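Where a number appears in this text, it was derived from the coordinates with a stated rule and is not lab data. As the structure is a prediction and not an experimental result, all values here were calculated from the model. Reconstructed Cβ throughout: ideal geometry from the backbone, glycine too, with neighbour counts over all protein chains shown.
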Ligand code: NZQ
Ligand code: ZN
């Protein structure tokens with residue numbers, strides 16, 4: 001196991017009606033809030049009204065930034081920074097999915113940065129200080145509610161990049177699974193694929209001695225497999241929504257990755273797809289993942305895939321190693337299809353035209369991953385296999 005420092009600072013309030021803590025938690029940071037949300041789902045589910053009522057009853061002044069896009073744009077970040085500066089905001093409250101929370105995080109970091117906010121997306125070392133962030137999560141997927149990263153899109157440059165700073169982790173997040181009852185089937189499926197991908201990115205690793213982290217990762221993967229379809233079939237199944245929600249946070253908050261070398265190459269490849277074609281992140285991941293697995297499978301990595309097949313999918317450990325590995329990858333692909341996710345790039349409107357450009361851009365900061373290092377030609381091969 002590698003050395004690590006454990007720090008997961010976000011306070012989590014999990015369960016039905018946990019919004020009751022909102023006012024008291026906000027007041028730990030101040031009383032001037034920027035409320036950040038997306039295209040209106042929080043109004044439809046009555047959450048917006050509930051929050052405004054809490055603000056009014058507790059003398060919390062608030063400003064709003066609405067309309068944050070899925071794959072949040074740098075233009076929304078700039079608008080948010082402006083509102084925060086003009087009104088001396090003390091806390092940014094994001095209510096929604098990962099896009100809203102990510103947007104809030106970079107607003108918080110951009111508030112203290114003198115230049116244009118895109119600079120701090122390109123180079124996270126330029127972030128020194130962050131306005132406090134908090135979140136109320138409405139979609140189980142990204143884990144942004146409990147991590148310190150954010151992903152922002154710049155449509156002018158077809159750039160979609162991750163940035164991060166320890167102080168971008170929310171001060172607190174309210175996780176009430178009932179808020180996810182209305183998440184549509186396709187987003188529930190994409191969210192489940194995203195959670196699983198976060199686990200794969202740290203599970204498949206060169207670090208051999210992280211037994212504990214690997215068993216925890218397998219438990220989280222099995223939870224996604226057990227509850228992903230159930231949440232689609234029974235959107236108001238509290239048990240399914242609750243298990244997915246908590247898995248979303250634990251998958252990427254550091255618990256599984258501490259002490260390990262991590263990969264993150266499927267994410268880097270997917271970010272290009274959403275940067276150029278604005279597709280849903282989890283859909284791109286589900287399409288690419290089985291192809292990445294096939295590409296990564298070799299004599300050095302086969303035991304990792306056997307472990308995955310046996311421990312997660314219950315495949316008989318006594319068979320041929322490669323048969324077990326291929327069967328595990330097939331089961332992964334079939335699972336994503338069973339959730340209703342497209343299985344090829346063409347199905348989501350992506351053809352051959354920009355694959356080379358995307359492969360170059362995905363590797364512009366160097367090779368992807370260490371478990372299976374990928375150069376631009378490797379990425380291109382994976383994109384082509386996924387067509
Ligand atoms: O905009 P609204 O109206 O709220 O609708 C949203 C949006 O259309 C809707 N939705 C959310 N909660 C709902 C709901 N609809 C009905 N009922 C509810 N309760 O779902 C749509 C998608 O929302 P979005 O926030 O975009 O989804 P997600 O949470 O999957 O976030 C995706 C973004 O996060 C980034 C992705 O790249 C993408 O930009 N990621 C962030 C990460 C992080 N911060 O650590 C890691 C991830 O790997 C990922 O890259
Ligand atoms: Zn992701």
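Quick notes on this structure:
- Exposure proxy order (Cβ contacts within 10 Å, fewest to most) of 218, 59, 347: 59, 347, 218
- Cα long-axis angle, helix 265-277 against the chain (0 to 90 degrees, to the nearest 10): 60 degrees
- Label-to-label distance, nm, for residues given as residue 88 and residue 114 (7 Å Cα→Cβ offset): 2.3 nm
- Set of region 333-376 residues, backbone N closer than 11 Å to the point 7 Å along the Cα-Cβ line of residue 158: 353-362
- Two numbers describe the Cα atoms of the chain: Rg and Dmax, which are 20.3, 66 Å.
- Net length available on complete extension from residue 323 to residue 21 is 103.6 nm, with 0.36 nm assigned per residue and the Cα-Cα distance removed.
- FRET efficiency, residue 63 to residue 300 (Cβ-Cβ, R0 51 Å, nearest 0.05): 0.45
- With neighbours defined as other Cβ atoms within 10 Å of a residue's Cβ, the residues 116, 102, 20 order from fewest to most as 20, 116, 102.
- Between 0 and 90°, nearest 10: helix 47-57 axis offset from the chain longest Cα axis: 30 degrees
- Distance between the modelled labels on residue 233 and residue 6, one decimal in nanometres: 3.8 nm (7 Å Cα→Cβ projection).
- Exposure proxy ranking for 224, 84, 103, based on other Cβ atoms within 10 angstrom of each Cβ and starting from the fewest, stands as 84, 224, 103.
- In this simple spin-label approximation, residue 206 and residue 348 carry label points 7 Å from Cα along the Cα→Cβ vector, and these lie 2.9 nm apart.
- Computed E for residue 226/residue 334 - FRET, C-beta separation, R0 22 angstrom, nearest 0.05: 0.90
- Acute angle (nearest 10 degrees) that the helix 74-87 long axis makes with the longest principal axis of the chain, alpha-carbon atoms: 30 degrees
- For peptides 163-171, 203-211, sequence by mean Cβ density within 10 Å, most packed first: 163-171, 203-211
- The helix-only estimate of mean residue ellipticity at 222 nm for the chain, built from DSSP H runs of length n ≥ 4 each weighted as -39500 (n - 2.57), is -15500 deg cm²/dmol after division by the residue total.
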